[in-house]
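The values are calculated or read from the model by the stated rules, or taken from the named source; none is laboratory data. Keep in mind the model is a prediction, meaning the values are calculated, not measured. Don't worry about glycine lacking a Cβ; one is built from the backbone with ideal geometry, like all the others, and counts go over all protein chains shown. For the accessible areas, the whole protein counts, side chains as well, though only heavy atoms, and no ligand, DNA or RNA atoms are used. Shrake-Rupley method; radii C 1.70, N 1.55, O 1.52, S 1.80 Å.
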Amino acid sequence: MKSRTAAWLMALLLVLYFVLVGWRAVQFMGTGELVGILIGIALIVLPFVGAWALWRELAFGFGSERLVKRLDAEDELPVEELTVSATGRPDRVEAAADFARFQSAVEEHPESWRDWFRLGLAYDAARDRRRARRAISHAIRLERAESRADPAAGDVR
């Protein structure tokens, strides 16, 4: 729950930043000079890029949290049986070996969001964050499509 609160706090601070930067952009454009107008336009565009990035991060976080809750309710979360280091990270060699099991499950059931999500967790354990995020994002899209097709399927709180 702490991470959710931190995410909302960061979002609130970013909104405050957008307001202050927007005000400064208006002041720059009010100078009437070309450089001031260009800086003002840049100051208006950049917050929109930031808002888009923030929205993507929040949507990813809420979506993956929703999938964890569904898998937990179904008692389908993978049990981590890997040796962990003193820092709490899974052993990279063991994680890579365990990874094949999840990858073959995705190959057998490419439309299963559950298998894609577990594959994402396996990528994360193997410290491949880019592929972990891609697999979990794919799982979120598949689960969303499944929930639209069967609205009762997503009723886990």
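A compact table of results
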| quantity | calculated |
| --- | --- |
| Meets criteria (part of a helix (DSSP H, G or I), without any contact (Cβ under 8 Å) to a residue 24 or more places away in the chain and aromatic (Phe, Trp, Tyr)) for Phe62 | yes |
| Complete set of residues in the range 44-58 that are of a type in the set (D, E, K, R) and touching a helix residue (DSSP H, G or I) at 6+ places or on another chain (Cβ under 8 Å) | Glu57 |
| Residue ID - nearest to the chain's Cα centre (by Cα), chosen from residues in the range 91-134 that are polar (S, T, N, Q) and open to solvent by 40 Å² or more (accessible area, probe 1.4 Å) | Gln103 |
| Criterion violated by Ile37 - all others in (1) in contact with a helix residue (DSSP H, G or I) (Cβ under 8 Å, 6 or more places away or on another chain); (2) touching a residue at least 12 places away in the same chain (Cβ under 8 Å) satisfied | (2) |
| Checking Ile37 against (1) more than 16 Å from Gly120 (Cα to Cα); (2) exposed (fewer than 13 other Cβ atoms within 10 Å of the Cβ); (3) of a type outside the set (Ser, Thr, Tyr), the condition it does not meet | (2) |
| Boolean, Val21 is surrounded by 11 or more Cβ atoms within 10 Å (Cβ to Cβ) and hydrophobic (A, V, I, L, M, F, W, C) | yes |
| Pair list, Cβ under 7 Å, 6 or more apart: the range 1-27 residue closer than 15 Å to Phe62 by Cα and touching a residue at least 40 places away in the same chain (Cβ under 8 Å), other residue open to solvent by less than 80 Å² (accessible area, probe 1.4 Å) and of a type in the set (A, V, I, L, M) | Ala7/Leu58; Ala11/Leu54; Ala11/Leu58 |
| Single unsatisfied condition, Asp72 versus (1) more than 20 Å from Ser147 (Cβ to Cβ); (2) assigned to a helix (DSSP H, G or I); (3) open to solvent by 80 Å² or more (accessible area, probe 1.4 Å) | (1) |
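For every residue, the table says whether it meets (1) among the hydrophobic types (A, V, I, L, M, F, W, C); (2) more than 30 Å from Ala122 (Cβ to Cβ).
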{"position": "Val15", "(1), (2)": "yes, yes"}
{"position": "Phe18", "(1), (2)": "yes, yes"}
{"position": "Val49", "(1), (2)": "yes, yes"}
{"position": "Leu54", "(1), (2)": "yes, no"}
{"position": "Gly61", "(1), (2)": "no, no"}
{"position": "Leu67", "(1), (2)": "yes, no"}
{"position": "Glu74", "(1), (2)": "no, no"}
